[in-house]
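In what follows, a single structure is set out as structure tokens and then discussed.
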């Protein structure tokens, strides 16, 4: 589904160049729920922004559904973002002037769809994520958890190849976080969605099938949840790996 | 079901304040510029302002400032708009909207906003100018010349400014959609400007540059003329440039570093840091406001300087009535005038009259070479001068002076020092009838206001014997009679003065229908050299007895009488168009200042809502929050207000001083009136600042002092 090979990205601030990604390699299969973890500055969000084509990258290869992203034109990239990717952001990125349902339908409207079927699909997603009762409200009138579930529904409206989520639980309390993770699980289970999530939160990551840990712009290690392994046990493994990486176990 | 256009429409409705702000800013900019240019290009004004004259240049200079100010303001408003638009555009792009889709929507919006607001501003600008002008006519002064007419060409300039506004908006829009980094676009709204270090020497060096620019810019044309014997070209104004750079540096220093040494830096940390992180925007706005305030004061000072200075000169005249006429004219006699006075119940006292001879003077005159250069040329018959004998001078003035044989004295006003006026320039006098000459040299300056009221008509005193020798056989057309008298209760004699003024004109022939700068000796010299005299060909020298009520005639007729009551009562109406033009310019500039300041303050409220919520959560008291808001709003109005006012007042004093290396008493009176204008305008700005502060506090949910006091009292 997604393949990242030898990805490099650096930023320039004044005369100083900061190399953020130093040759990242990873792949995500269809239907997988993958998390990327790592300390601040390890390059998690930069990695996600490169995969989303939000920012240009310096070197390497990103292939999504067999399509190489680097060579695409602006218009083709817009189509990839619209049809093949769904996005969930830490600060929701909902438009305040649109209702919950309009926000959910926005990717389809941008794609030129104004059909009844689209509205029906939006209502189904509202139903699925338990936000039907607020679908006509505006973002300012709903809670953080509801906003993020709206964002997840929006990410799924075009039935994308992959959902990219950047710290989706970062601004939420534990109850809302749980609801958002459940949304992802539901999307994966019911809609066979592939989810690629960047997070700091080991609790959220423990629901994933696989967790990639980044350190200093490169993959430090990958932990895979075994079939039938309990979530709590997997979370302990994650915490141990993070401690080991930061040298606390040495 | 909604389409992309309808989605945009819904967002527009929700965020109508941002759209309204841009529409209003564009509208106001174009409105003010159109109103200004409508008046500037109006035949009413152009007829009064001589082409190439100082007044027209000054009005044009302030117009240029207003254009730059309003242009910068429109650009600022557009940048605010795109800053707001960045988040929603970034989200659209993140969700897969193509550049084409975004361009289509954005440019449709920009077209509607820019064309609509600019067209409305351009259409309403002229009616606004008309309304303000009619208000002046209704409330201040109304004369025949104040009747306003418009030149359709003014709309070309207004259209050009509108076009600039529209094009700059589209250029910014194009640059906006061309960006590719979606994360940068989304975060644009909350991005702070990178702070550039402002060194401690910025402020002091800025002050030095302001002084150097102001002084250098003023002196450069004079220096150029002296060095190159050529008229200073327009680019010479580049010497003012250090003033603008200095101003920018001082504002940067003030906003980012502050001037207080050893002050507690934590005291205003919020206000200062918030302004600091929007330093470029803040300083750009402040610079525009400062320049416009300076321009507004420059215009506003014109009326009080002119009117109060003139009033003082009129008050200081040693006699109530004075006039002069050519002795070949069939003028009113003393008994005619006394009869007229007695019919009006006016008692004439102290009647004095004397002959003066118009003689040719030698000297050097400036000759235009036609390529911007000039040279001086000596002429035996260079210009005319009014010469009076020593005994007649003593009789007319009550002074007791003695002129040596072969010498002459020049008569100046009480205020003129005359250090470099005429000494040594005249060495030969010519009788214009017999061509007999007399060699003379300068002895001294004398002072008598009635013989020094014009910049073009100069009086000189000769020894009695010299006067008799040179004036011998002079025909009447080269003689003038000067008449002076007083009246009892002079301020009650307006009707008499008016009738006498009209009678003098009625008794003057067509040969006297000339302006004060028409020089008969100069004409003879020019004609003698086979050239046409400029006074016979230039439209500037055309005056007409039928326009005797017009300011142009009153100001420029060669034989215009000096009647205290008439001149005093008609002062405002005589200079009505001049005075009202500059009042109008000042009003336009001040209006621009208030609108720009207000907009800047509103953006402080719009951009910093979250900061004030956070401060509230950190336990900031209403008083602390209010002080922090006040700290910012007061700076937006206060700093440019203070610097602009100080700058223009000092500049004005400098101009007055370097005119004749002194500040005369009438100039001092004018400057005092300017101070009253400063107090008045500062009060208006302060009032507007209070209203703005109240509005911004309301937007940020910060209680005003009034609300706090009411609450405390209720508690």
**Asked** Is it true that some residue in segment B:439-456 is in contact with a helix residue (DSSP H, G or I) (Cβ under 7 Å, 6 or more places away or on another chain) and farther than 25 Å from residue B:548 by Cβ?
**Response** yes
**One residue from B:341, B:322 being more than 30 Å from residue B:469 (Cα to Cα) and in contact with a strand residue (DSSP E or B) (Cβ under 7 Å, 6 or more places away or on another chain)** = B:341
**Message:** Looking only at segment A:149-162, how many residues end up being part of a helix (DSSP H, G or I) and touching a residue at least 40 places away in the same chain (Cβ under 8 Å)?
**Reply:** 7
**Request:** Having 3 or more residues that are more than 14 Å from every other protein chain (Cβ to nearest Cβ) is the bar; report the helices (runs of 4 or more DSSP H) wholly within segment B:1-120 that clear it.
**Result:** B:16-40, B:43-48, B:54-94
**Request:** Could you please give the count of residues in segment B:477-527 that are in contact (Cβ under 8 Å) with a residue 12 or more places away in the chain and within 26 Å of residue B:387 (Cβ to Cβ)?
**Result:** 30
**Fill in**
Screening B:59, B:78 for residues that are buried (at least 18 other Cβ atoms within 10 Å of the Cβ) and within 25 Å of residue B:231 (Cβ to Cβ) leaves only B:59
**Complete:** So the helices (runs of 4 or more DSSP H) completely within segment B:515-627 holding 1 or more residues that are farther than 30 Å from residue B:312 by Cβ, modelled with pLDDT of 90 or more and under 26 Å from the mean Cα position of the chain (by Cα) are B:576-607
**Complete:** Checked segment B:382-402 for anything within 16 Å of residue B:361 (Cβ to Cβ) and buried (at least 22 other Cβ atoms within 10 Å of the Cβ); matches are B:382, B:384, B:385, B:387, B:388
**Prompt:** In this structure, does residue A:155 turn out to be more than 10 Å from every other protein chain (Cβ to nearest Cβ), closer than 22 Å to residue A:33 by Cα, buried (at least 23 other Cβ atoms within 10 Å of the Cβ) and in contact with a strand residue (DSSP E or B) (Cβ under 6 Å, 6 or more places away or on another chain)?
**Reply:** no
**Fill in**
Okay, strands (runs of 3 or more DSSP E) sitting entirely in segment B:439-498 with 1 or more residues that are modelled with pLDDT of 95 or more and in contact with a strand residue (DSSP E or B) (Cβ under 7 Å, 6 or more places away or on another chain), I get B:459-462, B:479-487
**Request:** Select the helices (runs of 4 or more DSSP H) contained entirely in segment A:11-128, then report the ones holding at least 1 residues which are within 8 Å of chain B (Cβ to nearest Cβ) and farther than 15 Å from residue B:96 by Cα.
**Result:** A:100-110, A:116-128
**Hey, residue B:551 free of Cβ contacts under 8 Å to residues at least 60 places away in the same chain, closer than 23 Å to residue B:40 by Cα and crowded, with 20+ Cβ neighbours inside 10 Å or not** = no
**Prompt:** Looking at segment A:163-250, what strands (runs of 3 or more DSSP E) fall wholly within it and have at least 1 residues that are buried (at least 22 other Cβ atoms within 10 Å of the Cβ)?
**Reply:** A:194-198, A:210-215
**Request:** Please determine, by comparing only the residues of segment B:687-703 that are under 16 Å from residue B:639 (Cα atoms) and in contact (Cβ under 8 Å) with a residue 40 or more places away in the chain, which one is farthest from the chain's Cα centre (by Cα).
**Result:** B:693
**Fill in**
Over segment A:136-148, the set of residues more than 14 Å from chain B (Cβ to nearest Cβ) and not in a helix (DSSP H, G or I) is A:142, A:143
**Request:** For residue B:69, indicate whether it is buried (at least 16 other Cβ atoms within 10 Å of the Cβ) and in contact with a strand residue (DSSP E or B) (Cβ under 9 Å, 6 or more places away or on another chain).
**Result:** no
**Message:** For residue B:675, only one of the following conditions fails: (1) more than 21 Å from residue B:256 (Cα to Cα); (2) surrounded by 19 or more Cβ atoms within 10 Å (Cβ to Cβ); (3) modelled with pLDDT of 90 or more. What is its number?
**Reply:** (2)
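The values are calculated or read from the model by the stated rules, or taken from the named source; none is laboratory data. For clarity, every value in this text was computed on a predicted model and none was experimentally measured. Cβ atoms come from the backbone with ideal geometry, glycine included; neighbour counts cover every protein chain shown.
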